[in-house]
Amino acid sequence: MTIRTVLFDFSGTLFRVESARSWLRAVLRDHGASLPGEELDRYARRLEAAGALPGGAHPERIPGHLAELWAARDTDMDRHRAAYTGLAREVPLPDEALYDALYDRHMTPGAWSPYPDTAEVLSGLRERGIGVGVVSNIGWDLRPVFRAHGLAELVDTYTLSFEHGVQKPDARLFRTACEGLGGDPREVLMVGDDRRADGGAAELGCAVHFVDHLPVDERPAGLLPVLRLVDRRPAP
């Protein structure tokens, strides 16, 4: 198989969101507030367990009243916000305004860091003439994150679930991404960290490669195998 196009997931694949502690601390700072270290850690742990940080840990449990909303959270901006602020509200915080502020914080470029090899791999694909797309289950526009980190020129298309009303693993989202790049799915490689969601690309005939969803300092070279896969030529 010759790979002519590579599709990437966003969170946990190309970028990683900040820790729950950093997230909460930044919002408190912006509000002119602070908490003692132990109290900050306690709130951060509870928010993380609740799954309130988009791109962070999955909820340890989904409250019944949020189950339906959670299942469709990535199909619409309002659902996405309601789902995550709803999870955050499972943790009593000292100020009601913090719930929306936390959600808003996670959409800022400063909340995200590219993996150490993201730029190298995207640049390498561009040098090889390989089309690059981002396919993400998400409820907000991530393009500013790529611009802020100087990576926007290395991505050709973005296929975001909330803009299409459908989320991975639904093959329709992958089909839209392939069509946007003019790629035959049989010549497309999908790279992601979620075997269920990103694995849905296989239904179209795409090859799929998985990376580990780890903190950026624990995965310095997880994307580099993508370049080797692209360079691999089919046997004559």
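Read-outs throughout are calculated quantities, based only on the coordinates presented, and are distinct from any laboratory measurement. Fair warning: this is a prediction, and the values are worked out from it, not measured in the lab. Note that we place each Cβ from the backbone using ideal geometry, even for glycine, and neighbour counts take in every protein chain shown.
The table that follows gives values for the structure above.
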| read-out | value |
| --- | --- |
| Net charge dipole size for segment 81-161 [Lys, Arg +1 and Asp, Glu -1 on Cβ; Debye, nearest 20] | 160 |
| Quarter of Cα convex hull surface for the chain, i.e. mean projection, nm² | 12.9 |
| Spatial separation of Cα centroids for segment 37-55 and segment 1-17, in angstrom | 28 |
| Whole-angstrom gap from segment 105-120 to segment 62-81, using each part's C-alpha centre | 24 |
| Pair ASP100, ALA49: separation of 7 Å Cα→Cβ label points (nm) | 2.9 |
| Modelled FRET efficiency - R0 30 Å, ARG128 with ALA148, Cβ distances, 0.05 increments | 0.75 |
| Computed helical MRE - 222 nm, the chain, DSSP H runs ≥ 4 contributing -39500 (n - 2.57), nearest 500 | -10500 deg cm²/dmol |
| Peptides 184-196, 21-33 ordered by average Cβ neighbours within 10 Å, highest first | 184-196, 21-33 |
| Translational D in µm²/s for segment 64-146 (Stokes-Einstein at 4 °C, 1.567 mPa s, Kirkwood Rh from C-alpha pairs) | 86 |
| Positive-pole candidate from ALA202, THR157, ILE138, dipole of segment 98-236, charges at beta carbon | ALA202 |
| Rounded to the nearest 20 debye, dipole of the chain from Cβ charges on Lys, Arg, Asp, Glu | 420 |
| For segment 118-203: rounded, prolate or oblate by the Cα gyration tensor [a/c cutoff 1.5] | oblate |
| Inter-centroid distance (Cα atoms) of segment 160-236 relative to segment 83-99, Å | 33 |
| Cα lying deepest toward the dipole's positive end in the chain, options ALA57, PRO94, GLY129, charges on Cβ | GLY129 |
